[in-house]
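**Student:** Before I ask anything, let me first share the structure, which is written out below as structure tokens.
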Amino acid sequence: MMTVIPSDRFDSTAADSRWQARWDEARTFVADSSSNKPRTMILEMFPYPSGRIHMGHVRNYTMGDVLARARRMQGHAVLHPMGWDAFGMPAENAAMERGVHPGDWTRQNIAAMRAQLKRLGLAIDWTREIATCEPDYYGHEQALFLDLLAAGLVDRRDAWVNWDPVDNTVLANEQVIDGRGWRSGAPVERRKLTQWFFRITQFADELAADLATLDQWPEKVRLMQENWIGKSRGLKFRFDLAPSPFRGEGDSALLSGERGVPPSFEVFTTRPDTLFGASFAAVAIDHPVAQAVAAAQPAAARFIADCRTSGTAAAEIETAEKKGFDTGLSVANPLDPTRKLPVFIANFVLMDYGTGAIFGCPAHDQRDLDFARKYMLATPRVVALPGEENIPIGDEAYTGPGRLINSGFLDGLEVEAGKAAVIARAEAERWGKGTTVFRLRDWGVSRQRYWGTPIPIIHCEACGAVPVPRDQLPVVLPEDVSFDRPGNPLDRHPTWRNVQCPTCGKPARRETDTLDTFVDSSWYFIRFASQPADRPFDKAEAAAWLPIAQYIGGVEHAILHLLYARFFTRALASIGQLDAVEPFKGLFTQGMVTHETYRSTEGQWLEPGQVEKRGEGWFELLTGHPVELGRSEKMSKSKKNVVDPDAILDRYGADAVRWFMLSDSPPERDLAWSLAGIEGAARFVQRLWRVALLAQDTSPGADGALTRQLHRSIDGITHDIDRLQFNKAVARAYELANAIEKAAPSAARAEAAKTLLRLVAPMVPHIAEEAWAMLGERGLIADAPWPAADPELLVDDEVTYAVQVNGKLRETVTLAKGLGRPEVEAGVMALPRILTLMAGATPKKVIVVPDRLVNIVV
RNA sequence: GCGGGCGUGGCGGAACCGGUAGACGCAGCGGACUUAAAAUCCGCUUUUCCGUAAGGAAAGUGCGGGUUCGAGUCCCGCCGUCCGUACCA
């Protein structure tokens, strides 16, 4: 047992490191896989080792830590691990800019950040720490890749990609900003490359449908994923191409077959009911029909080239004009083959969605209408509310409900019935089929980068793409690489790529693309659950710890990471490697840490340390010049409104920082960092120490009011932590501390003070341990059982009634709990104040809400 | 445009299922202790009005309506703000 000499101040500098060392020695937070306690895994999204911990990390990890510590005290076997999402571009950028090796840079950052995290006193099982850049992690990832490949869930095919011609690499969509590479600034080219894909679309339906089972996820995130997956029901059908009846001869040459124009093309629509309103058809510029027409007609080629140069930025798309090129071809409306529709190549049709081709119904689709107005196409109305049948379509398409008109056999049907009728006819007549289309596309995982997981494939001229044999895994990244030129260093390595084909033994070459780093983060939580050397994970252990009870991280990962992880878990389950289907039972997305911004009169951003408040205004410390105070924004280097956690830890200690991170702001909202806030938190830590000292007073005696307050606090704080409402737990802790300080010495007061320590131990663990030891308690407070509220003490025998007259509060009165209506009414009507107000009048009605309120209506 | 969140004192925010609005903290003001400061402790702190005072009255949760004995909470219509997303056929 550790002896702590009572002192009137808590010294965080000494205590923090002392207790951190104690927890380490005692292996307090090493997850116990052999116990029969309920197993709970708490996880925060692992950090990218960028160099330093920032306040956002501190907030994130503090929240998870409170939960992990509370669950331990509540008798769970807890797994609360930490790792590093250690592959990625910044390491290569550092290599290019500063000549450091990405591995050295990354490992140094990890060491620095690990030390920073340890100063926070997190209840982490460091024995399970992983870094995705180490072969003992990514080697297992390569094995999983090959398993998924064997199961047909990985394939290789040509795809259009964003190509940065300066950096010589593929860019993810997110890395293309206003049509330019985010790093090089060069205009991004569209290129067709052979890429590896995870077939996430195989699970599109399940991934969408099972969102409904994730009742412990934020509604917002489920919605975002639902939209991203983008499930639409509709009709797919085929148009046969014919020469245009609208133009002269000549175009028929296009269809001679020699030109390569396909004889037909498929379109998709969610509004088959409006097919009688069609007045044109259109294909995307990358559509085979468009390409073939362009090959034959220079004007078409010019049009397509022109479309490519126009920007893809949101603002440009917003204002972009709908443009089309009339191919001179036509198609027949399948519901009435006598109606011919001209076929355009159009800039607003996307190759990536549906079939890359549409029919246009201008009356009931805004884009089609804009297009029709420009090219003078007809805009026949086919849906109308009763009485509006003859109102012509103006500049706004009608997308509302109504009945079908001008639509032959559909006339009179509601929209939904019309859709069903057209699909039924198309299927009966075999020219189309009801279909579900998803916006979600397969996940392209090839990256032309060095600092990532090598894709374990060998390309052989004779045998094709051959998996690296299992006994040759991991395929380890070579260390001797150079970054003096742009592009992928693996490609120009003198020897690494030269290997023998595992199948035929002839000279072959390694795949030099590496995996998207999102693959690394798609299964790290499974590796945390068990870490066998010879395989990625142990199925039984994974089953014991998964799904993760609570996952905590930023909302910026709402779609990509969380969707990929859901896919990966499902994919592994589908090949029998895993039992869990959903990886994250509970998800919580925490708010950002913000700080005020300051700007000098010259418009320069200033750091918090460079300014001071004097009276109402802010001034620059150095010059005394006035400073413009900006709004509180996410901490960022560019705006200089960052606060370094290390400096704060030096000055205030871990508990003050943790307490502040949990105080005031609800965890899902932004937290505004302020000097006053951290100082207030530090003051509370000292105050908690003084409250603990009160427990040294061994005066005997009871204190009913304090004991009831204590049990209300136990109940409240327990519930608040369960629901991650840390700000409320903090407020209740203050209330209890206030009550204890006001109470007279008694055994009840000593008990309340000690219990308060246990209640706040998950939030401020160092002072809790220190005080616990100072009071002579045995063992670690981290191991102490969580206090239990006595239900009998949660109810008072007296209640305060609010007494209203006509709904306005006029008086309060304390009565025994559980009185009947007549007694309550009699008691209230006899109150002097009520007698005065009533002045002898008889109430029309008296409403009595038991144990709460009386409302007298006159 | 579409989808979602939020709007309560000087500030962050509480308020179970419609029942005493403003818990708790921060800031501020006044006082105690001190040679002084820090720390600490005590008190006040939504606004306006009446009263020397004890106390009392009125208004008040973005705006306008509604339901109800009673609305921050429910309904209808707006406004503001933040986030996400977008030629998705």
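**Student:** Evaluate the relative contact order of chain A (contact order divided by residue number), counting alpha-carbon pairs under 8 angstrom at least 6 apart; express in whole percent.
**Tutor:** About 14 percent, as a whole number.
**Student:** Based on the Kirkwood radius over alpha-carbon pairs, what is the Stokes-Einstein translational diffusion coefficient of chain A at 20 °C with 1.002 mPa s viscosity, in µm²/s?
**Tutor:** 66
**Student:** Show me the three semi-axes of the equivalent ellipsoid for segment A:32-98, from the C-alpha gyration tensor (sqrt of 5 times each eigenvalue), largest first, rounded to whole Å.
**Tutor:** 33, 14, 6
**Student:** With everything on Cα atoms, drop me the angle between helix A:560-574 and the longest principal axis of chain A, reported from 0 to 90° to the nearest 10.
**Tutor:** Relative to chain A, helix A:560-574 is tipped by roughly 80 degrees.
**Student:** Step through the residues of segment A:823-838 one at a time and calculate ³J(HN,Hα) from phi using the Karplus curve (6.51 cos²θ - 1.76 cosθ + 1.60, θ = phi - 60°), rounding each to whole Hz and writing x for Gly and Pro.
**Tutor:** 5, 4, 4, 4, x, 6, 5, 8, 4, x, 5, 5, 4, 4, 5, 6
**Student:** Here is a further query. Kirkwood Rh over alpha-carbon pairs of segment A:726-846, then Stokes-Einstein at 25 °C and 0.890 mPa s: what D in µm² s⁻¹, rounded to an integer?
**Tutor:** Diffusion coefficient, whole number: 134 µm²/s.
**Student:** Each residue of segment A:201-208 in turn: what ³J(HN,Hα) in whole Hz from Karplus with 6.51, -1.76, 1.60 and θ = phi - 60°, glycine and Pro shown as x?
**Tutor:** Those phi angles translate into 5, 4, 10, 3, 4, 5, 4, 6 Hz.
**Student:** Another question, then. So, counting K/R as plus one and D/E as minus one, what does the shell of residues with Cβ under 15 Å around A:ILE42 add up to? Could you put the intermediate results ahead of the total?
**Tutor:** Numbers: positive: A:LYS37, A:ARG39, A:ARG69, A:ARG71, A:ARG72, A:ARG128, A:LYS585, A:ARG723; negative: A:ASP32, A:GLU44, A:ASP65, A:ASP125, A:ASP722.
Its environment carries a net charge of +3.
**Student:** List the pairs from A:LYS118/A:LYS613; A:LYS231/A:LYS323; A:LYS539/A:LYS585; A:LYS231/A:LYS433 whose alpha-carbon separation is above 24 Å, in the order I gave them.
**Tutor:** Violating the 24 Å Cα-Cα cut-off are A:LYS118/A:LYS613; A:LYS231/A:LYS323.
**Student:** For segment A:725-801 and segment A:585-632, what is the separation of their Cα centres, given in Å?
**Tutor:** Each part's Cα centre sits 37 Å from the other's.
**Student:** Using only Cα positions of segment A:646-786, each an equal point scatterer, no hydration layer, compute I(q)/I(0) via Debye at q = 0.12, 0.22 Å⁻¹ and quote the log10 values to two decimals.
**Tutor:** -0.47, -1.43
**Student:** Quick check on segment A:506-579: take the gyration tensor over C-alpha atoms, sort the square-rooted eigenvalues as a ≥ b ≥ c, and tell me if it's rounded (a/c under 1.5), prolate or oblate.
**Tutor:** oblate
**Student:** Which percent of the Cα-Cα distances in segment A:766-819 go past 15 Å?
**Tutor:** 69
**Student:** How far, in degrees from 0 to 90, does helix A:704-722 lean away from the longest principal axis of the Cα atoms of chain A, to the nearest 10?
**Tutor:** 20
**Student:** State the Kirkwood hydrodynamic radius of segment A:354-399 in Å, one decimal place, computed from all pairs of distinct Cα atoms.
**Tutor:** Hydrodynamic radius (Kirkwood, Cα pairs) of segment A:354-399 is 11.1 Å.
**Student:** Follow-up. Output needed: percent of Cα pairs per 5 Å distance bin for segment A:427-579, bins running from 0 to the one holding the longest distance.
**Tutor:** Reading the bins upward from 0: 1, 7, 12, 15, 15, 14, 13, 9, 6, 4, 2, 1, 0.
**Student:** Roughly how tilted is helix A:747-760, in degrees to the nearest 10 and between 0 and 90, from the longest Cα axis of chain A?
**Tutor:** Between helix and principal axis, roughly 20 degrees.
**Student:** From the square roots a ≥ b ≥ c of the eigenvalues of the alpha-carbon gyration tensor of segment A:723-782, which class results: rounded (a/c under 1.5), prolate (a/b over b/c), or oblate? Don't skip to the answer; put the middle values down first.
**Tutor:** Numbers: a/c = 2.52, a/b = 1.07, b/c = 2.36.
Taking the square roots of the gyration eigenvalues as a ≥ b ≥ c, segment A:723-782 is oblate.
**Student:** OK, next. If each residue's Cβ is checked for other Cβ atoms within 10 Å, how do A:SER482, A:SER446, A:SER33 rank with the fewest at the top?
**Tutor:** A:SER482, A:SER33, A:SER446
**Student:** What trypsin sites (Lys or Arg not before Pro) in segment A:418-472 are in a loop by DSSP, with at most 15 other Cβ atoms within 10 Å of the Cβ? Intermediate results must be reported in sequence, preceding the final value.
**Tutor:** Working: sites: A:LYS419, A:ARG425, A:ARG430, A:LYS433, A:ARG439, A:ARG441, A:ARG447, A:ARG449, A:ARG470; in loops: A:ARG430, A:ARG439, A:ARG441, A:ARG449.
When the trypsin sites (Lys or Arg not before Pro) of segment A:418-472 are filtered for loop state and at most 15 Cβ neighbours within 10 Å, A:ARG430, A:ARG439, A:ARG441 remain.
**Student:** What percentages, rounded to whole numbers, describe P(r) for segment A:1-67 computed over all alpha carbon pairs with 5 Å bin width beginning at zero?
**Tutor:** 3, 10, 14, 17, 21, 16, 10, 7, 1
**Student:** Would you please classify the overall shape of segment A:646-687 from the alpha carbon gyration tensor, given that a ≥ b ≥ c denote the square roots of the eigenvalues, rounded means a/c under 1.5, and beyond that prolate means a/b larger than b/c while oblate covers the rest?
**Tutor:** Taking the square roots of the gyration eigenvalues as a ≥ b ≥ c, segment A:646-687 is prolate.
**Student:** Summing Lys, Arg as +1 and Asp, Glu as -1, what charge do residues with Cβ under 9 Å from the Cβ of A:GLY83 carry, A:GLY83 excluded?
**Tutor:** 0
**Student:** What stretch of chain A, leaving out the sites themselves, is the longest with no GluC sites (Glu not before Pro) in a DSSP loop having at most 16 other Cβ atoms within 10 Å?
**Tutor:** The answer is A:669-858.
**Student:** I've got another one for you. Give the order of A:ARG708, A:ARG373 when sorted by the count of other beta carbons within 10 angstrom, beginning with the fewest.
**Tutor:** Arranged by neighbour count, lowest to highest, A:ARG708, A:ARG373 become A:ARG373, A:ARG708.
Every read-out reported here was derived from the displayed coordinates using simple, explicitly stated rules and does not represent laboratory data. Bear in mind the structure is a predicted one, so any value in this text is a computation, not a measurement. Methodologically, a virtual Cβ is constructed for each residue, glycine included, from the backbone with ideal geometry; neighbour enumeration extends over all protein chains shown.
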